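A short write-up of the structure that comes next.
What follows is calculated from the coordinates using simple rules that are stated; it is not laboratory data. Remember, predicted model here, so these are calculated numbers, not experimental data. Ideal geometry is used to build each Cβ from the backbone, glycine not excepted, and the neighbour counts take in all protein chains shown.
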Amino acid sequence: MDVILFLAFAAFAVVCGINVVLQSHPISSALSLIGVMGSLAVLYLLLGAEFIAAAQLIVYAGAIMVLFLFVIMLLNAGSEAKRGRSLLVQFMGVPVMVSLLGLLSYFVLRLFPAAPPVRFGNFRGGSPRSFGEVLFTQYLLPFEVTSVLILIAIIGAVVLARKEID
Amino acid sequence: MEFFIISLIKAGIVAFVLLTTLAYLQWVERKVIAHIQLRMGPSRVGPHGLLQPLADVIKLITKEDLLPPHVNKFFYLLAPFLAVTMALLSISVIPFGPEIEVFGYNTWMQLTDLNIGVLFILAISSMGVYGVALAGWASNNKYALLGAMRSAAQMISYELPMALAIAAPLLLVNTLSLREIVEAQSGYAFGFLPHWTIFQAPFPQFFSFIIFLIAGFAETNRIPFDLPEAENELVAGFHTEYSSMKFASFFMAEYANMITVASITVILFLGGWHPLAPGLAGDLIPPAIFALGGLVCLYHGLHPARGKDRYTLPVFGLIFLGVAAVLLIPALKAIVLPLFWFAAKTGALLFTFIWVRGTLPRFRYDQLMGFAWKFLFPVAILNLLVTGFMVALV
């Protein structure tokens, strides 16, 4: 059951990911990206990380992508015009991509030869309680530093936007 | 196997009850608004217009299903589907009652309990924006697009105070599972004050309750926050170009969202299925209410204001008395009473939704945004901080 669900949602994620690139209209691409994020959330759930799955849906699919969509609608962006591709891209694109993927998988296999295979349901500690405990004890400093970083980014955005208005 | 069959039966019952409630909620809304405005409301189809929802459903199904030529077909068809799916999905984690025994099986009056139930609801409600936004954009219509933009901006803005208002009572109950949240609210302080989070020490969650309700109005696009479909500026907002069942699914989504928000409010703040009063009083209040309603109906049936009332009101009176009698049966008590309390609280909140619609005018758009960011959000943060401080002290 786990394997079937994993295969189904992994395949869906990959198809949506390819679709993001293939679609010519920004809205279609954005929606495919939501599909990718949704299936990633399901994969997290299968691995036993409930909190991460929910956060993935709330933050990425629910908030960030809505803003994406909002901006695309606000600018009323139309379909991208397809430009003629250069000969290099036409003939070398696919082989180069395949060889890159091959190289990547080769190095991963070389560097982590004895990595234990992932088993569904082995991981306990994805519940909000254990997640919060780890976040506020072991990883307190990175967590707080990240929040300060985000605060700086927000203040920066406000300052930049204000300059534009003046 | 047994688990699957029980789950299927439960899902069937919940879906049937939910869809019927959706249809009749609209009847209730039209009746209440009509009486607020000194009108009769629907009264032609069936006694007191009770068959009006059925007539509406038949009308909506048989109407011509237009597909405007200028729309983006795929997204135009996807949008109502998304809206209604996301709206109906969240009902699956809502607990309606405690564990019961039916024909020897022990089962919870809830479809499924997630240990991240609250987050699940938040995630699903934030996905609900896509239905509205896509509908407005795919319609390829100025008014629809404006409505969709307003809706997206409004829902993102009001999600923040809503999430913060949810976080405060969670500090008191220490769990994210909706079932455990309700169980944490059982019992009474001083022997009479229910242990609901809205009354709970150390910091009663009254402010969170108000903030959550206001944000809930905005999330469901109800008056006074119904700018996405403001008739006098935007024709019908995001669903201008929709007709027939596609229009009806947006309608269903709106009402399903209302029911979800009301049930979540009941679960988080008003103690779910726990009765208002302890012991025997809690058992006797529900039949007393129904008996009183039945007697009032019988009295008005004997002194009819209109000719029809002579026949219809006594029937309703007898039905109410029958329900009161059912509520008194000891064998059914464990099942019926929790359901009554849950339904009564949810119904009271739904009535508030309708009441507010009949009373308040619509906000101006800048006021709506200013209210969310400059008032509701800071107040929600303050409330969360005070709650956290009090919980830490005690």
Open item on the list: Using only the alpha-carbon atoms, what does the range B:1-42 span along each of its principal axes? Please give whole angstrom values in decreasing order.
Closed with: 55, 13, 7
TODO: Give the calculated FRET efficiency between A:Leu101 and B:Tyr24 to the nearest 0.05, with a Förster radius of 51 Å applied to their Cβ-Cβ distance.
DONE: 0.35
- [ ] Report the semi-axes of the equivalent ellipsoid for the range B:110-242 in whole Å, largest first, where each axis is √(5λ) for an eigenvalue λ of the Cα gyration tensor.
- [x] 36, 16, 11
Open item on the list: Spelling out what I want: for every residue of the range A:136-143, take phi, set θ = phi - 60°, compute 6.51 cos²θ - 1.76 cosθ + 1.60 (Karplus), and round to whole Hz; glycine and proline get x.
Closed with: 9, 10, 5, 10, 4, 5, x, 4
TODO: Output ³J(HN,Hα) for the range A:6-11: one whole-Hz value per residue in order, computed from phi by the Karplus curve 6.51 cos²θ - 1.76 cosθ + 1.60 with θ = phi - 60°, and x for Gly and Pro.
DONE: 4, 4, 4, 6, 5, 4
- [ ] Kindly provide the pair-distance distribution of the range B:242-345 built from C-alpha pairs, with 10 Å bins from 0 and whole-percent values in order of increasing distance.
- [x] 14, 28, 26, 26, 5, 0
Open item on the list: Taking only Cα atoms of the range A:1-119, what ratio of Rg to Rh do you get with Rh as the Kirkwood inverse-distance radius?
Closed with: 1.05
TODO: Write down, largest first, the equivalent ellipsoid semi-axes of the range B:149-191 in whole Å, where each equals the square root of 5 times an eigenvalue of the alpha-carbon gyration tensor.
DONE: 31, 10, 9
Open item on the list: Using only the alpha-carbon atoms of the range B:312-369 as identical scatterers, what base-10 log of I(q)/I(0) does the Debye formula give at q = 0.29 Å⁻¹?
Closed with: -1.03
Task: q = 0.12, 0.20, 0.28 Å⁻¹: log10 I(q)/I(0) that the Debye formula gives for the range A:1-70, counting C-alpha atoms only - done: -0.32, -0.79, -1.15
Open item on the list: Distance cut-off 29 Å, Cα to Cα: go down the list B:Lys10/B:Lys31; B:Lys31/B:Lys63; B:Lys31/B:Lys59; B:Lys31/B:Lys308; B:Lys59/B:Lys333; B:Lys63/B:Lys142 and report the pairs above it.
Closed with: B:Lys10/B:Lys31; B:Lys59/B:Lys333
Task: Helix-only mean residue ellipticity at 222 nm for chain B, each DSSP H run of n ≥ 4 adding -39500 (n - 2.57), per residue, nearest 500 - done: -22000 deg cm²/dmol
Task: Cα centroid separation - the range B:170-244 against the range B:336-392, whole Å - done: 5
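Taking trypsin sites (Lys or Arg not before Pro) as exposed when DSSP calls them loop (any state but H, G, I, E, B) and at most 15 other Cβ atoms lie within 10 Å, what is the longest stretch of chain A free of them, the sites themselves excluded? Could the numbers behind the result be given before it?
Working: sites that count: A:Lys82, A:Arg83, A:Arg85, A:Arg119, A:Arg124.
Longest gap between qualifying sites, sites excluded: A:1-81.
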TODO: For the range B:50-121 and the range B:1-28, write down the distance between their C-alpha centroids in whole Å.
DONE: 9
- [ ] With a/c under 1.5 counting as rounded, go ahead and sort the range B:29-135 into rounded, prolate or oblate using the C-alpha gyration tensor (a ≥ b ≥ c being the square roots of the eigenvalues; past the cut-off, prolate if a/b is larger than b/c, else oblate).
- [x] oblate
Task: Square roots of five times the Cα gyration tensor eigenvalues for the range B:170-209, Å - done: 16, 13, 7
Task: Sum of -39500 (n - 2.57) over DSSP H runs of 4+, divided by residues of chain A (222 nm, nearest 500) - done: -24500 deg cm²/dmol
TODO: Return the long-range amide H neighbours of B:Gly97 (sequence gap of 5 or more, or a different chain), with a cut-off of under 5 Å between placed amide H atoms.
DONE: B:Met109
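Evaluate the charge dipole of the range B:71-196 about its Cα centre and quote only its size in Debye, nearest 20, assuming +1 on the Cβ of each Lys and Arg and -1 on the Cβ of each Asp and Glu.
720
How about the range B:1-99: which trypsin sites (Lys or Arg not before Pro) there lie in a loop by DSSP and see at most 14 other Cβ atoms within 10 Å?
Working: sites: B:Lys10, B:Arg30, B:Lys31, B:Arg39, B:Arg44, B:Lys59, B:Lys63, B:Lys73; in loops: B:Arg39, B:Arg44, B:Lys63.
For trypsin sites (Lys or Arg not before Pro) across the range B:1-99 that sit outside H, G, I, E and B with at most 14 neighbouring Cβ atoms in 10 Å, the list reads B:Arg39, B:Arg44, B:Lys63.
What fraction, in whole percent, of alpha-carbon pairs in chain B exceed 30 Å separation? Before the final figure, lay out the partial values.
Numbers: 35521 of 77421 pairs.
So the pairs more than 30 Å apart make up 46 percent of the total in chain B.
Please sort by residue number the trypsin sites (Lys or Arg not before Pro) in the range B:280-341 whose DSSP state is loop and whose Cβ has at most 11 other Cβ atoms within 10 Å.
Numbers: sites: B:Arg306, B:Lys308, B:Arg310, B:Lys333; in loops: B:Arg306, B:Lys308.
Passing sites in the range B:280-341 are B:Arg306.
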Open item on the list: I'd like the Kirkwood hydrodynamic radius of the protein assembly as shown, using the inverse of the mean 1/r over distinct C-alpha pairs, in Å.
Closed with: 26.6
Task: Under Karplus coefficients 6.51, -1.76 and 1.60, residue-wise ³J(HN,Hα) of the range B:371-377 in Hz, glycine/proline x - done: 4, 5, 8, 9, 10, 5, 5
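Calculate, for A:Tyr139 and B:Ile36, the FRET efficiency according to 1/(1 + (r/R0)^6) with r their C-beta to C-beta distance and R0 51 Å; round to the nearest 0.05.
Values: r = 55 Å, r/R0 = 1.07.
So, using R0 = 51 Å, E works out to roughly 0.40.
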